[in-house]
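Here's the structure we're looking at; comments come further down.
The values are calculated or read from the model by the stated rules, or taken from the named source; none is laboratory data. Because the structure is predicted, anything quoted here is derived from the model rather than measured. For neighbour counting, all protein chains shown are included, and Cβ atoms are generated from backbone atoms with ideal geometry for every residue, glycine included. Heavy atoms of the whole protein, side chains included, go into the accessibility calculation; ligands, DNA and RNA do not. Shrake-Rupley method; radii C 1.70, N 1.55, O 1.52, S 1.80 Å.
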Amino acid sequence: MRPDVEMIARRSLLFANAPDFLVDTLLENAHVTQHARGNTIFLQDDPASAIYIVANGWVKLYRIAANGTEAVVGTFTKGHSFGEAVALRSDTYPVSAEAVTDCELVRIDAAALLRLLEENPKIAIAMLTATYAHLHNLVAQVEQLKSRTGPQRVAEFLLDLAPCEIGSCEVTLPYDKVLIAGRLGMKPESLSRAFAKLKDKGVKIRQNAADIKDIEALRAYAEDDPAAGWTR
């Protein structure tokens, strides 16, 4: 495992609070896998045989509804982990995972992790921390869908990706606009209208990038209460 990939794994939420010797053991037996854009990592109902940490690129988790519609459950990038909860239960994956871009993943064998848990329960704290973070993110997504307008949801999405806290900056859009729309609970045409409305807020979309004129102003807009009578 390359030093840069190992460092990303060690700093991930999954391992940040785990004892060093446990992380050492797991990473010694982990495998780094490469996935081209569009490759399937696992399918819904596959046995949950591994936990993954994203070293580079983007991954989406999704479910296919009865009517054939794809519902994006989450998107993950560098330092994020997924698959913990079901792997710890020796269950099946409730979602499918696909590489949204070319990506590099650290694959940790679930059976090996369970053996270490039985020998040293301290690592369970790290697992609970990561699982709680995923739950918190899902709750935040539901709140965002319920309490924010379409343009505000897009603004929050851009702010999450922004590499700076103040001033102006450029944000690289990590995947295609259809997936962004699905991630935000919108139709592609609604996303296009939201991007258009954000022009007045200092956001300019260029191919796969967004230029933000004033991060703080955009954050203030995203956090406004839509019920307060502001004009969008």
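Results, tabulated for the structure shown:
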quantity: The range 1-105: trypsin sites (Lys or Arg not before Pro) in DSSP coil with no more than 11 other Cβ atoms inside 10 Å; calculated: Arg89
quantity: The chain: DSSP helices with Cα axial extent of at least 20 Å and average Kyte-Doolittle hydropathy no lower than 0.5; calculated: 123-147
quantity: Pairs beyond 26 Å (Cα-Cα), from Lys78/Lys197; Lys177/Lys213; Lys60/Lys213; calculated: Lys78/Lys197; Lys60/Lys213
quantity: Heavy-atom accessible surface of the chain: percent carbon and sulfur, 1.4 Å; calculated: 53 percent
quantity: Cysteines having no other Cys beta carbon under 4.7 Å from their own, within the chain; calculated: Cys103
quantity: Charge-dipole axis of the range 1-106 as Lys and Arg at +1 and Asp and Glu at -1 on Cβ define it, positive-most pick from Phe82, His31, Gly68; calculated: Gly68
quantity: Most mobile of Ser168, Ser96, Ser49 in a GNM of the chain (Cα contacts under 10 Å); calculated: Ser168
quantity: Probe 1.4 Å, protein heavy atoms only - accessible area per residue of the chain in square angstrom; calculated: 53 Å²
quantity: Placed amide H near Lys78: partners under 5 Å, 5+ positions off or other chain; calculated: Gly57
